[in-house]
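Since the structure comes first, as structure tokens, the remarks are kept for the end.
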Amino acid sequence: MCALVNNWSENRKGLYLAVSLMGQAQAVLGDLPSEKRQNFSDLVSALEERFAPSSQTELYRVQFKERRQRASESLPELGQSIRRLSNLAYPTAPLDVRETLGKELFIDALVDSEMRLRIKQSRPKGLNDAVRLAVELEAYNKAENKVREGRGYLRQTMNDDELR
């Protein structure tokens, strides 16, 4: 988007991408021949090959299908992880297909069966809707549990005069 706004050439895009790389991505840059280090297309290809190789698509699909909510994992974290795996597992699928797959997997990955049912009944349009509904339901459940905990047992006592 910055390249469009600033009307950058392919060479300039390559330069900006190269200088913004950090960590392991910067190591990929160092492995490229010098004539490819400023070429935007070559840089993108090298980064994709390193971080999202097409040979690992099947591995990502297995991870995607087997994904379940972890014990300490928040609902937004689960949603983000599923979105990432959806993009890696089905890189050529249209966005609406990845959204539908992600939504369905998110619902099935939830630990709480009552929450799963209520989200399915709400018929969310996409993954973001499903995550939003799950977060709302979780908040309602927590609030309801606090109300229940606050309602302790009340014992009534009578004085001796009332017993006679």
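Here are the numbers:
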{"item": "Nearest-ten-degree value, helix 40-51 long axis tilted from longest Cα axis of the chain", "result": "50 degrees"}
{"item": "Point-to-point label distance, ALA139-ARG50, nm (Cα→Cβ direction, 7 Å offset)", "result": "4.0 nm"}
{"item": "Normalised contact order of the chain, rounded percent, pairs of Cα under 8 Å and 6 or more residues apart", "result": "15 percent"}
{"item": "Electrostatic dipole magnitude of the chain [Cβ: Lys, Arg +1; Asp, Glu -1; Cα centre; debye, to 20]", "result": "160 debye"}
{"item": "Semi-axes of the equivalent ellipsoid for region 1-128, Cα gyration tensor, largest first, Å", "result": "36, 16, 13"}
{"item": "Karplus 3J(HN,Hα) series, Hz, for region 4-21 with 6.51 cos²θ - 1.76 cosθ + 1.60 (x for Gly, Pro)", "result": "5, 4, 8, 6, 7, 7, 4, 5, 5, 4, x, 4, 5, 5, 4, 6, 8, 6"}
{"item": "Mean ellipticity per residue at 222 nm, deg cm²/dmol - from DSSP H runs of n ≥ 4 across the chain, formula -39500 (n - 2.57)", "result": "-21500 deg cm²/dmol"}
{"item": "Descending semi-axes in whole angstrom, ellipsoid equivalent of region 1-75, from the Cα gyration tensor", "result": "31, 16, 12"}
{"item": "Summed residue charge, Cβ within 9 Å of ALA46's Cβ, Lys/Arg positive, Asp/Glu negative", "result": "-2"}
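FYI, it's all coordinate maths here, none of it is from the lab. All values derive from a computational prediction rather than experimental measurement. Please note: Cβ atoms are built from the backbone with ideal geometry, for glycine as well, and neighbour counts cover all protein chains shown.
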